[in-house]
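Notes to accompany the following structure.
Values in this text are rule-based calculations from the coordinates and carry no lab data. From a predicted model like this one, the values you see are computed outputs, not experimental measurements. Please note: Cβ atoms are built from the backbone with ideal geometry, for glycine as well, and neighbour counts cover all protein chains shown.
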């Protein structure tokens, strides 16, 4: 990996997003939900900004393609875990989120090892799942600051959406990987044929 990839503005922003995580956790544990919410929103802002900068400055890198989803997973998984420990969300949501992510990680590692597959771009359902998770956490934090009925209804809606998209995206991922694996085997078989 070239150091120049790490020093691009989008990747620097992604690293900043990862550095937000411990400070958000510290505020959550201390019961400072307003500050945790502000930091979470700032982290989300860097997520949108790094993608925009990558496209605008034409600084899309291989490192960024891996680093960005890692930063997202680190932030979201940590938030689900800590909020469940603090009894702000039910454990079933955290278990479901972690089960999907760990399964995908293990499957990706195995497929890379046995077939050399590296194309694990998120599907439209995976992106929708991330969107639902972000807003679920946002409204869970907002509810700790503003105890109103509409916030509670919205947080519940996005938590249920997270469950739905987690299941759908996991099933879609299985089908997608199967398709890519068959394509890779077909290409390998074609390249192995002796020349006429």
Fewest first, what order do 99, 169 take by the number of other Cβ atoms within 10 Å?
99, 169
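Taking the number of other C-beta atoms within 10 Å as the exposure measure, put 79, 18 in order starting with the fewest. Walk me through the intermediate numbers first.
Details: 79 28, 18 16.
Result, fewest neighbours first: 18, 79.
What is the fewest-to-most order of 138, 45 by other Cβ atoms lying within 10 Å of their Cβ?
On the way: 138 19, 45 12.
Fewest-to-most Cβ neighbours within 10 Å comes out as 45, 138.
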